[in-house]
Structures are given as structure tokens and as C-alpha cells.
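Q: Just dropping this structure here.
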């Protein structure tokens, strides 16, 4: 991976459940780290199911290797929220980079 390819700053976030004063659990997302990444849209696909339009945007996020990244995290890219859809891929098991296959799920803020 060439350093020039990593030109986008992204934040990896992990879900945590916090209980309020009454013991009611609330889901929150906490920042784990901010890293430089290559953000690569793979395809834009629109399809119609039962007369409802759904859009799916699959994005590959490439980062330097980290052992603490899991599929239950998400990526914050600017104001866009990207859900990691599968376990991180370590190409050729060389511990140099990770590929995160994500789906755009919304906008933060």
C-alpha cells in the first residue's frame, strides 16, 4: 500500500451500551481511533422490491493493519456512517493492511 493512497481521515467506532440512572440501556458509539484510509466506492445499485426503492452503496475502506478492528464496528467518514459488513480482510495474511467491506447506513449529525 502506498502512503499516497491513504488520503482520507476516518474514525473507527465501537458500540457500547450505557445504562442511565434508572437502569435503562442506551446504545452509544465511542471513537476507538482516527486513521488515514483509502475510501473506494465499489458500486452503486438501485433496485425495486415490492414497489419500494432501496439504494445500496458498497464501499471498501483500506487502512493500515490493526489487530483490534472487528465486524461489529463502524466507520465514520466525514458525516457518512459506514457499517462494516464482514470480518476485516487481511490480504495475503501479511499484517500490512486491512480491507473493510462497508455499506453506507446514514449520515451523522
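Every read-out reported here was derived from the displayed coordinates using simple, explicitly stated rules and does not represent laboratory data. These numbers were taken from a predicted model, which means no experiment stands behind them. Cβ sites come from the backbone with ideal geometry, for glycine too, and all protein chains shown count toward neighbours.
Q: Answer with a single label: of (1) 13, 41, 28, 14, 3, 0; (2) 13, 39, 32, 16, 1; (3) 16, 54, 30, 1, which was calculated as P(r) over Cα pairs in 10 Å bins from 0, in percent from the structure in view?
A: The listed entry that was calculated here is (1).
Q: Okay, next question. With each label point set 7 Å from Cα along the Cα-Cβ vector, what nm distance links residue 68 and residue 30?
A: Using points 7 Å along Cα→Cβ, the separation is 1.0 nm.
Q: I would also like to ask the following. When the chain is treated as a GNM, springs tying every alpha-carbon pair under 10 Å, which of 94, 62, 74 comes out with the largest mean-square fluctuation?
A: Taking springs between Cα atoms under 10 Å, the residue moving most is 94.
Q: How much length is gained on full extension from residue 58 to residue 85, taking 0.36 nm per residue of separation minus their Cα-Cα distance?
A: 8.8 nm
Q: Roughly speaking, what is the stretch gain from residue 107 to residue 95, that is 0.36 nm per residue apart minus the C-alpha to C-alpha distance, in nm to one decimal?
A: Between residue 107 and residue 95, full extension yields an extra 1.2 nm.
Q: Starting from the Cα of residue 40, step 7 Å toward the Cβ, then list every residue of the stretch 76-109 with an amide N under 11 Å from that point.
A: Flagged as within label range: 99-100.
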